[in-house]
Amino acid sequence: MRKALLGFAAVAVLTGTACPGPTPPTDQPKNCAWAIGTMGALSGDFASVGQPIADGVEYAIDQANDAGDLECTVELVTEDSQGDSNQAPPLARSLVDNEDLVACICPYFSGETLATGKIFGQGGVLISGTGTNETIDEQGFTTWFRAVAPDNIQGDVAGQYIASLGVSKVAIIHDNQDYSKGLADVVQETLGDTAVGPFIIDPAETDYSSVVSQVAAEEPDFIFYGGYTPQAGPLAKQLNEAGVTATFMTDDGAKDPTFGDLAGSAADGALASCPCVDPLKLDAASAFVEGMRAEYGENAPGTFAADMFDVTNLVIEALRAFEGDPEDIEAVRQHVVDHFANTDGYEGIAKSYSWNDKGEFEGGPEDIWIYEWDTKEKNFASVGPAEELLTEQ
């Protein structure tokens, strides 16, 4: 059992909330510092996906420091991988070597997670991120705790939702990356004979005319694209320009405002599935939304910001409960890992969090939401939880 391997100091089962009652803050200066890391696409083509995640982490840390009830000051340490699994390993080693680091709310992408999970595990550093590839839990990563539902759940729900729309032919397209292919394959399997493809684009290219021609020849009435915004937007535009009028649906990797900039008028009516709730629709998240918008602008909070805010607060809860030497960083790291491993039903603002012995998030279809492009808002707006939408069909 995984919990037995996590150390003898495992804490009791937790049922805390996202905002536990803090002890009164003190004005006395802190004599120590802890660091919480984050690593992902903070610049480059995928920054529109990565930066909102980092914002959620930073916002939680700022709140914790403002509360003043932790033994040490908490600092945010960032590493910019640009979403590249080749750049991620040395950055992960740099984080592990940081003598103040207690956890990393990362990685953001599946490829990065697969490339760095062992490094973080060997360093005893907890990682909790948004990589959704369903094979990650098979790697034996000892300090990994996925923060969102995996692709097998999202893909199955997305496929069911597409089928519920009464479509006759669905073209499946993806860019052959770990995340993209895994999700698109599940959607295709769920749709069965209704699906054609998959049609593969090269994410390093910008001209998708060959795939566009193949898709157009199939005359589909619906398209599902597994991938990220930098390719999803231009692909939707090129399909539209070629006369393909099928409804375009994508995923959480492309659910951000820049999709509309890249797709132009082809964004109208586009859909996206996401293992992320819409905090704008949750009463419990109203203060979070207001605070994030004051700090980061009107488009905040972005995709997964609420989820990463939650797991950062769970790290902070662990730090608050630590009773040992705050400068014994190995002990602090182990305590954080144990805290997550023994969490059962932590109530964040986005959802409830529990994990199995492999670090897999114990979520389900209820965690998948459907979004539609809103031309007026220039962003994706939630249609609702997919499970509820399927019930209404």
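Some observations on this one:
- Positive minus negative residues near A163 (Lys, Arg vs Asp, Glu; Cβ under 13 Å): -3
- Other-chain or far-sequence residues with amide H under 5 Å of K169's (modelled H): D221, F222
- Dipole of the chain, positive direction: furthest Cα of G197, P220, G37, with charges on the beta-carbon: G197
- The stretch 81-147 shape via C-alpha gyration tensor axes, a/c threshold 1.5: oblate
- Computed 3J(HN,Hα) for the stretch 125-141, one whole-Hz value per residue from the Karplus formula 6.51 cos²θ - 1.76 cosθ + 1.60 where θ = phi - 60°, is 9, 4, 10, 9, x, 10, x, 10, 4, 6, 8, 4, 6, 8, 8, x, 5, glycine and proline marked x.
- FRET efficiency for S265 and S43, using Cβ-Cβ distance with R0 set to 30 Å, rounded to 0.05: 0.60
- Amide hydrogen proximity for T250: with H placed 1.01 Å from N in the peptide plane, the residues at 5 or more positions away or on another chain lying under 5 Å are Y225, L271, A272, S273.
- GNM result for the chain, Cα springs below 10 Å: residue of E327, E317, E134 fluctuating most strongly: E327
- Only one residue of T113, V187, Q160 has its Cα farthest out toward the positive end of the dipole of the stretch 96-203, where Lys and Arg carry +1 and Asp and Glu -1 on Cβ, and that residue is Q160.
- The overall shape of the stretch 160-250, judged from the alpha-carbon gyration tensor, is oblate: a/c is not under 1.5, and a/b is no greater than b/c.
- Helical mean residue ellipticity (222 nm; -39500 (n - 2.57) per DSSP H run of 4+; nearest 500) of the chain: -12000 deg cm²/dmol
- Relative contact order %, the chain, counting alpha carbon pairs below 8 Å whose residues are six or more apart: 21 percent
- Summing Cβ point charges (Lys, Arg +1; Asp, Glu -1) relative to the Cα centre of the chain gives a dipole of roughly 280 debye.
- Among A386, Y353, H335 the positive-end extreme of the charge dipole of the stretch 313-393 (Cβ point charges): A386
Rule-based calculations on the coordinates, nothing more; no lab input. Being a predicted model, the structure only gives us computed values, none of them experimental. Note that each Cβ is placed from the backbone with ideal geometry, even for glycine, and that neighbours are counted across all protein chains shown.
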